[in-house]
Amino acid sequence: MAASKETVLGAAKQFISYINKSPSPFHAVDEVSKMLLSSGFQELHETQAWDIKPQQKYFLTRNKSTIIAFAVGGQFKPGNGFSVVGAHTDSPCLKVKPDSKKNKSGYQMVGVECYGGGIWHTWFDRDLTVAGRVLVRNKDKVDHRLIHIERPILRVPNICIHLMRDHNEKFGPNKESHVCPVLATAVQAELQGDTGIPQSDVPDFTPQCLKHQPLLVKLICDELRIQPEQMLDFELCLADTQPAAIGGILEEFIFAPRLDNLLNAYCATEALIESCKGNSLSQDPNIRLICLFDNEEVGSQSAQGAASTLQELVLRRLSAGGSSTAFEESMPKSYMLSVDQAHAVHPNYSDKHESNHQPGLHKGYVVKFNANQRYATTAITTAILREVAKTAGVPLQDFVVKNDSPCGSTIGPIMSAKLGMPTIDIGAPQLSMHSIREMCCTSSINQGIKLFQGFFENYPRVFSSMNM
């Protein structure tokens with residue numbers, strides 16, 4: 001039965017609240033951690049021994065930008081399977097360079113790197129800010145502090161069409177020289193006077209605070225209530241200050257940044273929490289996990305990425321205490337939903353989609369197929385999901401890329417190849433993927449939560465029915 005408009009909008013508005021609080025992967029993981037803690041999950045640390053008990057709920061983070069959370073089934077024993085939903089916390093963006101101070105033509109500017117495959121022209125003429133983490137010296141300790149300046153302080157201005165007459169035909173910005181945001185004019189910065197940034201008195205040593213515009217450093221320090229010399233380092237990304245919103249004349253769209261892939265990170269978290277509220281966990285022979293990785297947009301090759309050993313190490317720990325081959329026994333019993341956003345058919349570019357595979361908004365989650373294994377989907381993993389989706393009441397759509405088009409990839413093939421775990425690639429349909437502001441339908445939030453919750457609660461039963 002289709003959900004009511006009130007249910008759909010309620011779920012969408014909760015998601016919008018999450019995405020507005022998550023301008024960076026560090027914030028996204030912090031918000032997920034808060035959701036889990038408020039629902040009775042306990043935080044673990046990789047550096048400590050674990051005492052895992054049935055029907056208990058746990059989570060851990062790595063680099064503060066990747067998080068794995070799990071709930072232990074009441075019937076779990078080492079060698080049993082894992083029910084996994086995998087997604088990612090990062091999105092294409094501009095990141096502040098390690099030495100970002102640039103002065104040009106009377107402007108103070110901030111040097112940035114292009115992270116991932118963004119549609120960079122969409123970052124022009126937007127009201128931008130910075131967000132991320134700062135490492136702060138606090139006496140003899142180093143603290144991890146989040147920062148989000150909630151006002152527009154940066155802008156990448158377009159060149160006027162009078163000075164580039166073919167702007168509409170040929171505009172392709174140089175990522176090094178043209179995508180550099182303005183922070184202030186030099187004359188106003190000079191009038192501002194002393195910012196209180198100390199000069200280094202150690203030969204050949206440049207403190208981090210001297211590698212960036214003094215005005216930016218002062219703003220960060222004022223926000224965190226620290227002194228410039230306490231700022232050891234930071235990882236900051238630029239973010240649009242315009243908040244996510246419900247849009248469309250019928251309030252059926254979400255206009256937001258970072259839908260790829262915070263939509264699925266949020267839905268996975270909500271689904272795991274909701275799946276633990278009834279009695280199903282007590283009867284579950286599996287462990288239910290969500291794995292939200294950083295660095296998917298740049299290939300996952302990092303200590304906190306899906307190509308790392310993190311997930312394998314966690315699963316091996318959870319398999320400890322059984323036979324010497326408990327981990328190996330568990331892999332063919334397990335199943336992972338690799339969830340990343342999908343390409344809805346675009347009304348102005350419908351020829352870019354294969355004629356029989358044109359996913360639409362409001363029509364359900366999209367199953368991604370690729371004969372060349374850019375997606376991990378197989379007939380078996382698809383059959384399992386179709387059974388789960390039927391029970392959950394969530395429609396599914398199919399997608400393959402055209403033979404004359406390139407195909408992106410996800411964490412699915414990476415994880416399935418590393419672990420030998422049956423995997424399927426799916427995602428919610430959206431438009432404007434990798435733009436600074438993307439677009440999806442309100443239905444996807446409720447559908448995603450229902451589908452993932454149904455998966456956690458029903459996968460063991462469906463798996464046991466498969467005569468493979």
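The values are calculated or read from the model by the stated rules, or taken from the named source; none is laboratory data. Keep in mind it's a predicted model, so treat the numbers as computed, not measured. Cβ placement follows ideal geometry from the backbone for every residue including glycine, while neighbour counts extend to all protein chains displayed. The protein model used for the area step is the full one, side chains on, heavy atoms only, and it has no ligands, DNA or RNA in it. Shrake-Rupley method; radii C 1.70, N 1.55, O 1.52, S 1.80 Å.
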### Task
Within the range 263-361, report the chymotrypsin sites (Phe, Trp or Tyr not before Pro) that DSSP leaves as loop and that have at most 10 other Cβ atoms within 10 Å.
TYR349
### Message
Quick query: amide H of LYS97 versus all other amide H atoms, modeled in the peptide plane; which residues come in under 5 Å with a sequence gap of 5 or more or a different chain?
### Response
GLY111, VAL112, GLU113
### Task
Sort TRP50, TRP120 from largest to smallest accessible area, using a 1.4 Å probe on the heavy atoms of the protein chains.
TRP50, TRP120
### Task
Using the heavy atoms of the protein chains and a 1.4 angstrom probe, tell me the accessible area per residue for the chain in square angstrom.
45
#### Entry: For the chain, with +1 on Lys and Arg beta carbons and -1 on Asp and Glu, the positive-most of ASN356, ILE290, HIS343 along the dipole
ILE290
### Task
Along Cα→Cβ, 7 Å out, is where each label goes; now give me the distance between the ones at ALA186 and ASP99 in nm to one decimal.
1.9
### Query
How many angstrom lie between the C-alpha centres of the range 5-76 and the range 365-432?
24
#### Entry: Global geometry of the range 194-320, whether rounded, prolate or oblate, following the gyration tensor of its Cα atoms and the 1.5 cut on a/c
oblate
### Violating pairs (Cα-Cα greater than 30 angstrom) within the set LYS21/LYS211; LYS170/LYS211; LYS97/LYS170; LYS64/LYS352; LYS175/LYS211
LYS170/LYS211; LYS64/LYS352
### Task
Starting from the coordinates of the alpha-carbon atoms of the range 93-240, obtain the Kirkwood hydrodynamic radius over all distinct pairs and give the value in Å to one decimal.
16.5
### Query
What is the gain in length, in nm to one decimal, between SER282 and ASP398 on full extension, counting 0.36 nm per residue of separation less the C-alpha to C-alpha distance?
38.4 nm
### Query
So what's the back-of-envelope 222 nm ellipticity for the chain, counting only DSSP H runs of four-plus at -39500 (n - 2.57) apiece and dividing by all residues, rounded to 500?
-8500 deg cm²/dmol
### Query
If contacts are Cα pairs under 8 angstrom and at least 6 residues apart, what is the relative contact order of the chain in percent?
23
#### Entry: Degrees between helix 379-392 axis and first principal axis of the chain (Cα, 0 to 90, nearest 10)
90
### Query
Put a dot 7 Å past each Cα toward the Cβ at ASN372 and VAL142; how far apart are the dots in nm?
4.2
### Query
If you take the charge dipole of the range 386-468 about its Cα centre, with +1 on Lys and Arg Cβ and -1 on Asp and Glu Cβ, which of SER464, CYS441, GLY393 is farthest toward its positive end?
SER464
### Task
Place +1 on the Cβ of every Lys and Arg and -1 on the Cβ of every Asp and Glu in the range 93-240, take the dipole about the Cα centre, and give the residue among VAL156, GLY117, VAL187 whose Cα lies farthest towards its positive end.
GLY117
### Query
Along each of its three principal axes, how wide is the spread of alpha-carbon positions in the chain, in whole angstrom units, largest first?
75, 57, 41
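Can you pull out the GluC sites (Glu not before Pro) in the range 23-107 that DSSP calls coil and that have at most 14 other Cβ atoms within 10 Å?
GLU46
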### Message
Heavy atoms of the protein only, probe of 1.4 Å, neighbouring chains included. What is the accessible area of VAL187 in Å², nearest 10?
### Response
90
### Accessible area of the chain belonging to carbon and sulfur atoms, whole % at 1.4 Å probe
50
### Query
At a Förster radius of 35 Å, what calculated FRET efficiency corresponds to the Cβ-Cβ distance of ILE380 and GLN75, to the nearest 0.05?
0.90
